[in-house]
Amino acid sequence: MSHSSQHIAFIGGGNMASAIIGGLIRQGMKPTQITVVEPFADTAAKLLKDFGITALPSAGPALARADLVVWAVKPQIFSEAAAPVMAHTSKALHLSVAAGIRTDSICRWVGTDRVVRCMPNTPALVGQGMTALFPCASVTAADQQLVEQVIGTTGQYLWVAEESQLDAVTALSGSGPAYVFYFLEAMTEAGVGMGLSAAQAYQLAVATFSGASSLAAASTESPEVLRQRVTSKGGTTYAALTAMEAAGIKPAFIKAMQAAQVRAGELGDEFGKA
C-alpha cells in the first residue's frame, strides 16, 4: 500500500472509514493520498484532528484521482450519496461497507461493475475486525489484492463465493460483537448478584471472552472438545451448562441469528430499490 501514487477516496468518514484510514496511515500511506467526503462538520473535524485529513463537504472533481472508492455510508442514503460521486469515479474500483446493499444496486448507482461488497464488524476499530468480501465478476485479481491491502489493516478477512452468504456473515460476525457484549452484560450482572463489584465482574467477563477466543484460535480442536475439557461431570461448569441446555439457550441463540440473516436480506430489498 506504500505505493506513492495510490489514491483512495472515502464516501463517509464515520467509525468504519476512520478504522480503515487509521490502518492505512499506520502502514505508511500519506493523508494527501486520501480524500474523504463527509458533510457532517463534527465528523469532519475529527478526521482533521486524528489524521490531518481535510474532508470535502460534498463530492467534487477531486474524487477523479481515486484508484479505489470506499463506500462507508448508511444503507438508506447510499443511492442519494452515489449520484454526485458517479460522474468522477467511473474508472475506479469500488468497495462497499454498507450493510445489506447488494451489488446489483451498487453497480447501478456507481456506474461500474468493478465492485467489491464487504461486511466488516466493529472490532475493526481496534485492528481485530473480521470482514467478509464478495467480488463482482469483473473484479480482477489485482483489484482483489488492493482490497485485501486496505481491509487487512483492520484485521482478518475472507472471500465468499456467493453474495447471499453475506447475509449469513452479517448475522454471524457483522452483528456478532453485540452478542458478545450481551453476554458480557449478563455475566457482569450475575457477578454483581453474587457479591462482586461491577468493575471486578466486568474485568473477569471480558478477560474470559478474549482468553477463550484466543485459546480457540490457537487450538486445532473443535469448540465441542474444548467445552468438554472444561466440563467435569457433576462439577460447576456442568451445573451451568445443564441449566443453559434446560433453558434452551443454544436453539434460542441460533434462532436469533436467523432473525439477523432475514433482516439483512430485507435491508437489501428495502434500500436497493432506488
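The values are calculated or read from the model by the stated rules, or taken from the named source; none is laboratory data. All figures in this text were calculated on a predicted structure; none of them were measured in a lab. Note: ideal-geometry Cβ built from the backbone for every residue, glycine included; neighbour counts use all protein chains shown.
State all residues of the range 113-134 that are buried (at least 19 other Cβ atoms within 10 Å of the Cβ) and over 19 Å from residue 16 (Cβ atoms); if no residue qualifies, say none.
Listed by number, the list holds a single entry, 114.
Identify the single condition in (1) farther than 16 Å from residue 210 by Cβ; (2) at pLDDT 95 or above that residue 188 does not satisfy, given that it satisfies every other one.
The single condition residue 188 does not satisfy is (1).
Here's a check for you: in the range 112-136, which residue that is of a type in the set (Ser, Thr, Tyr) and not in a helix (DSSP H, G or I) is nearest to the chain's Cα centre (by Cα)?
131
Return yes when residue 69 is surrounded by 22 or more Cβ atoms within 10 Å (Cβ to Cβ), in contact with a strand residue (DSSP E or B) (Cβ under 7 Å, 6 or more places away or on another chain), in contact (Cβ under 8 Å) with a residue 60 or more places away in the chain and closer than 30 Å to residue 206 by Cα and no when it is not.
Spelling it out, it is not the case that residue 69 is surrounded by 22 or more Cβ atoms within 10 Å (Cβ to Cβ), in contact with a strand residue (DSSP E or B) (Cβ under 7 Å, 6 or more places away or on another chain), in contact (Cβ under 8 Å) with a residue 60 or more places away in the chain and closer than 30 Å to residue 206 by Cα.
Table: residues versus (1) of a type in the set (A, V, I, L, M, F, W, C); (2) without any contact (Cβ under 8 Å) to a residue 12 or more places away in the chain; (3) in contact with a Ser or Thr (Cβ under 8 Å, 6 or more places away or on another chain).
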residue	(1), (2), (3)
163	no, no, yes
170	no, no, no
204	yes, no, no
236	no, yes, no
242	no, yes, no
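Have a look at 142, 216 and point out the one that is exposed (fewer than 15 other Cβ atoms within 10 Å of the Cβ) and touching a Leu at 6+ places or on another chain (Cβ under 7 Å).
Details: 142 fails: touching a Leu at 6+ places or on another chain (Cβ under 7 Å).
Selected residue: 216, the only one of 142, 216 that is exposed (fewer than 15 other Cβ atoms within 10 Å of the Cβ) and touching a Leu at 6+ places or on another chain (Cβ under 7 Å).
Can you name every residue in the range 18-42 that is closer than 18 Å to residue 81 by Cβ and buried (at least 18 other Cβ atoms within 10 Å of the Cβ)?
Across the range 18-42, the qualifying residues are 18, 20, 21, 34, 35, 36, 37, 38.
Here are 129, 111: which of them is touching a Ser or Thr at 6+ places or on another chain (Cβ under 7 Å), under 28 Å from residue 259 (Cα atoms) and not aliphatic (A, V, I, L, M)?
Values: 111 fails: under 28 Å from residue 259 (Cα atoms).
129 is the lone residue from the list that is touching a Ser or Thr at 6+ places or on another chain (Cβ under 7 Å), under 28 Å from residue 259 (Cα atoms) and not aliphatic (A, V, I, L, M).
Among the residues of the range 161-193, which ones are more than 21 Å from residue 127 (Cα to Cα) and touching a helix residue (DSSP H, G or I) at 6+ places or on another chain (Cβ under 7 Å)?
163, 167, 168, 187, 188, 191, 192
Scanning the range 172-190 for residues that are touching a residue at least 40 places away in the same chain (Cβ under 8 Å) and among the small types (Gly, Ala, Ser), which turns out nearest to residue 19 (Cα to Cα)?
So the residue we want is 174.
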